[in-house]
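In what follows, a single structure is set out as structure tokens and then discussed.
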Amino acid sequence: MTKPTLLAIVAFAAAVVPAHLRAQSSTARAVSGIGVIRGRLADSASGAPVAAGSITVRRTTDTAVVAVAHPQADGAFRIDGLAPGSYALNVRVLGFAPLRRAGVALTAAAPSVDVGILKLSTVATKLEGQTVVAEREETVVAPDRTSYSTKNMTAAAGGTAVDILKNIPLVEVDASNKVSLRGNDGVIIQINGRPSPLKGDQLAAFLAQLPASAVKTVEVATNPSAKDDPEGNAGIINIVLNQEAEMGVSGGVSVGTSTTGMVNLNGNIGQQKGKLTLYFSSGLFRDRRSMTGTISRENLSIPTPAFVETSISGKQRPFSGQGNFRAEYRFSDISSLTLDSYGWGGRYGGDNASLFSDLDASHEVIGLFNQYTSNLQTNNGGEADLTFRRQGKPTDPLLTAEMDAWSWASAGNQDITGDLLQPDASMTSASPAERDHTIQHGEGIFSKMDYTHPFSALTKLEAGYKAVVRRTKNDFNAALLDAGSGAFVDQPGRANAFDFEEGIAGVYGLLSQRFGKFQLQGGTRVELAQQSFTVRPLNQNYDHDYSTLYPSSVLSYNFSDVRTAKLSYSRRVERPNPWRLSPVEYRQDARSIFRGNPNLTAEYTDAVEASIQDAHSWGSAGLTSYVRHTAHAVRNIQFVDSTGMSVSTFANVASTKTIGTDLNLNVHGGPVTLNASGSAYHYSSDASNLSPALSTSDIVWSTRLNGTYKASPKVDGQAFVNYRAPYRTEGGSQLANVNMNFSVRYKPWGDQGGAISLRVSDPFGLSKYGYRTANGTVVEYAQRYFQQRALFLSVSRNFGQALKLKPKENSEGASTAP
């Protein structure tokens, strides 16, 4: 164990153990006062007293926790020292459904209230979730995932899903909007519990245009169970959209703008009437962002040019629209049918300029060349999901059957022109103008069924199957301008046309068992996969059939209702996508090309995690240590060929290993809430199968701080900063990254009526992205500044009855609500 890890454990123990001992008292004093709330907990079925669990007391005005109490042997509890006011009681007991009693009023005339017998209902055995942020319950930790509410995330107000993800612990978003978890980009993005059909650049563009106001919660699962889809060796990030309503008509509108020229307009409406629930939302998004950057290259394998200096500038112009519709019909109290659908479309335009300066060994300019790129891409797609759900009492079996289908398309044009200002040995004449055309299409369908059978209050069996077929088709054509005719002539050798199809069928079984304070869950998933990849211009076929076991297990121990320890294991897979497989070269600029590797194989990760979570009225703390071993890890490899072109491709390295620790602290007192988190891990890569020089080892660390100040029930502010230190990679390194936001929110219409938010992003201009490559053939240093520095203003207004969200099982079976 490393010294930093040991110190973190000691600090954690010193902080939480005394608090835990204080929490064992059956009475908790909160504030100076004479008020008293008393009552008794009892089993609703047998009437027997319940002598376990906790009773949390919150002020109704600001939801702040003022006391936490525990029942005595006869189930009785008493909270005294309360000031006059309105309070709510939240009761949580292992094995029983949570209970909330609101509207408990204490006055000077009547300072004592007896709430009587609070009857608790038994629920089927499950690995219980635990609320770890006491003030607003914005973070809920369960054994297999952590849920983050966006309700009070003012640091993302007026932004997009990318801004939300940047605020989530362990999650990082780079300059191209690629999402990583604990520094690993092998993460699966789900929308409402279903894997997004979009991958790569399409997914990045989608997240950058999905309005933050459309997102309800974000779930992070770093070590999912065998019940979850095994794809994504880093884990799962599930984006849960606002799309459920009940109790009459409700809705809202929001509009946002920024100094970049961004405009974000959204609206939603929902209605519950009788057995039918309907919800619809839609939005429009446009933006104008600039980018600048530099690339400094030293060529070690070719004599001319010895050095290349590149200055980059550009502007991006995204415009998109999206909408989602949900309808649910309840046939009875135990069965329902739900239709979820989501559609999107838009265009993405951009102009970029790359100014190249070739230098000799003495750094004298010997050549000058400018390249200009203009592109316009349109995209659209849709997804529809039909789910049947049947469950009676919590102790009855649960059956869920689901079918999902999706389709998306993309078409893009790119014009490349250049000016040769000063020729040299590496470029004697200007390259002809080029026009590229790309058409992409993807579609898929899956069906699944999940069955849960509680044998008793201590034992539960889960089983199910899932089958999916997905196809991707890509057609890329490059045409060069013929100076004589003035027409563009197709270049067959540059064509990149492929067909990709993948079929996967799997079954799983999972058994949960409770033994006193221990809870054990174990199972496995068996999958058969078939992959077909055809490169049409080369008439090459690459087929791969394989079967794999994905076991998982979780052992948790409840020291008390506020402290839980967990040990888990799982195996996951990252399958190569078709763009990483295609061997046809794609010319990014005059000196850079990309080509895939059709010989890539899937990478498999075995992960073990140990964690302890502790929650109290003062806040919460969580510590997680983990070990992850990946076989045949896919990594981006860069080198310079004999012509001086910088080549980017992918390859399987022999293995990688990550050993790390995450620490997360939430503290609140009065109007202030602080969240501090840090992550440190040792990463080692064995790339000896490719080149010993590519193997690497380094310690990677990051930290973030999020503070909220509630000046009044209507005004609050938030400050957020995240820093990730530089670290080595295979054949190079990544530069440090800083993300910073300050925001303030005013709620003139109350908590449910909407808000006016003002946010400043990257106020000091520190946000940049970059890398350094040093692989024996080239030393290259690159950095990019995307226009992160901006001021955002957003206004939201709700009408009708407030949305009242209810729990919904996601595609893989984990609840999307606390």
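The values are calculated or read from the model by the stated rules, or taken from the named source; none is laboratory data. The model shown is predicted, which means the values in this text are computed figures rather than measured ones. Neighbour counts run over all protein chains shown; Cβ positions are idealised from the backbone, glycine included. These area figures cover heavy atoms from the full protein model, side chains too; ligands, DNA and RNA do not enter into them. Shrake-Rupley method; radii C 1.70, N 1.55, O 1.52, S 1.80 Å.
Of note:
- With R₀ fixed at 22 Å, the C-beta to C-beta distance from SER296 to TYR723 puts the FRET efficiency at about 0.35.
- Placing unit charges on the Cβ atoms only, positive for Lys and Arg and negative for Asp and Glu, gives region 160-285 a dipole magnitude near 300 debye about its Cα centre.
- Listed residues SER290, GLY270, PRO763: farthest to the positive end of the dipole of the chain (Cβ charges): GLY270
- For the chain, a simple Cβ point-charge model (Lys and Arg +1, Asp and Glu -1, everything else neutral) yields a dipole of about 3100 debye relative to the Cα centre.
- Taking the accessible area of the chain, probe 1.4 Å, and keeping the other protein chains in place, the carbon and sulfur fraction comes to 59%.
- Accessible area in the full protein assembly, largest first, 1.4 Å probe, for PHE500, PHE639, PHE280: PHE280, PHE639, PHE500
- Karplus 3J(HN,Hα) series, Hz, for region 420-437 with 6.51 cos²θ - 1.76 cosθ + 1.60 (x for Gly, Pro): 8, 8, 8, x, 8, 5, 7, 8, 8, 8, 5, 6, x, 4, 10, 10, 9, 9
- Pairs of C-alpha atoms in region 236-395 farther apart than 29 Å represent 50 percent of all such pairs.
- Put a plus charge on the Cβ of each Lys and Arg, a minus charge on the Cβ of each Asp and Glu, and nothing anywhere else: the dipole of region 320-412 about its Cα centre is then about 620 debye.
- Peptides 595-601, 235-241, 178-184, 223-229 ordered by packing proxy, namely the average of other Cβ atoms within 10 Å per residue, highest first: 223-229, 235-241, 178-184, 595-601.
- Sum of -39500 (n - 2.57) over DSSP H runs of 4+, divided by residues of the chain (222 nm, nearest 500): -1500 deg cm²/dmol
- A Förster radius of 22 Å, combined with the Cβ-Cβ distance separating PHE388 from THR548, puts the computed FRET efficiency at roughly 0.15.
- Positive-end extreme of charge dipole, the chain - chosen from ALA384, SER112, VAL469 (charges on Cβ): SER112
- Rounded to 5, percent antiparallel among DSSP beta bridges of the chain: 95 percent
- Take 145-152, 454-461 and order them by the average number of nearby Cβ atoms within 10 Å per residue, most first; the result is 145-152, 454-461.
- Debye log10 I(q)/I(0) at q = 0.19, 0.21 Å⁻¹ for region 566-643, Cα point scatterers: -0.88, -0.98
- Taking every alpha-carbon pair in the chain and binning the separations at 20 Å intervals from zero gives 14, 47, 31, 7, 1 percent.
- For region 183-267, the convex hull drawn through the C-alpha positions has a volume of 129 cubic angstrom per residue.
- With a cut-off of 13 Å between beta carbons, the residues surrounding ILE756 carry a summed charge of +4, where Lys and Arg count +1 and Asp and Glu -1.
- Among the listed pairs LYS151/LYS714; LYS151/LYS710; LYS166/LYS714; LYS466/LYS566, those beyond 22 Å (Cα-Cα): LYS166/LYS714; LYS466/LYS566
- In the distance distribution for region 626-733, Cα-Cα pairs more than 22 Å apart total 52 percent.
- Stokes-Einstein diffusion of region 487-560 at 4 °C, 1.567 mPa s viscosity, Kirkwood radius from Cα pairs, rounded to a whole number: 78 µm²/s.
- Degrees between helix 3-22 axis and first principal axis of the chain (Cα, 0 to 90, nearest 10): 20 degrees
- Of ILE445, TRP408, THR459, farthest towards positive along the dipole that unit charges on Lys, Arg, Asp, Glu beta carbons give region 372-461: THR459
- Sequence-ordered 3J(HN,Hα) estimates for region 569-578 from the Karplus curve with 6.51, -1.76 and 1.60 and θ = phi - 60° stand at 9, 7, 10, 9, 9, 10, 8, x, 7, x Hz, glycine and proline given as x.
- At 0.692 mPa s and 37 °C, Stokes D of region 331-464 from Kirkwood alpha-carbon radius, µm² per second: 159 µm²/s
- Size descriptors for region 682-764: radius of gyration and Dmax over Cα atoms are 20.8, 63 Å.
- Rolling a 1.4 Å probe over the heavy atoms of the protein chains gives the chain an accessible area of 41 Å² per residue.
- Pairwise alpha-carbon distances in region 409-481 exceed 19 Å for 67% of all pairs.
- FRET efficiency estimate (nearest 0.05) - Cβ-Cβ, THR259 to ASP333, R0 45 angstrom: 0.30
- Summarising the label geometry, the points placed 7 Å from Cα in the beta-carbon direction at GLN752 and ALA711 lie 2.6 nm from one another.
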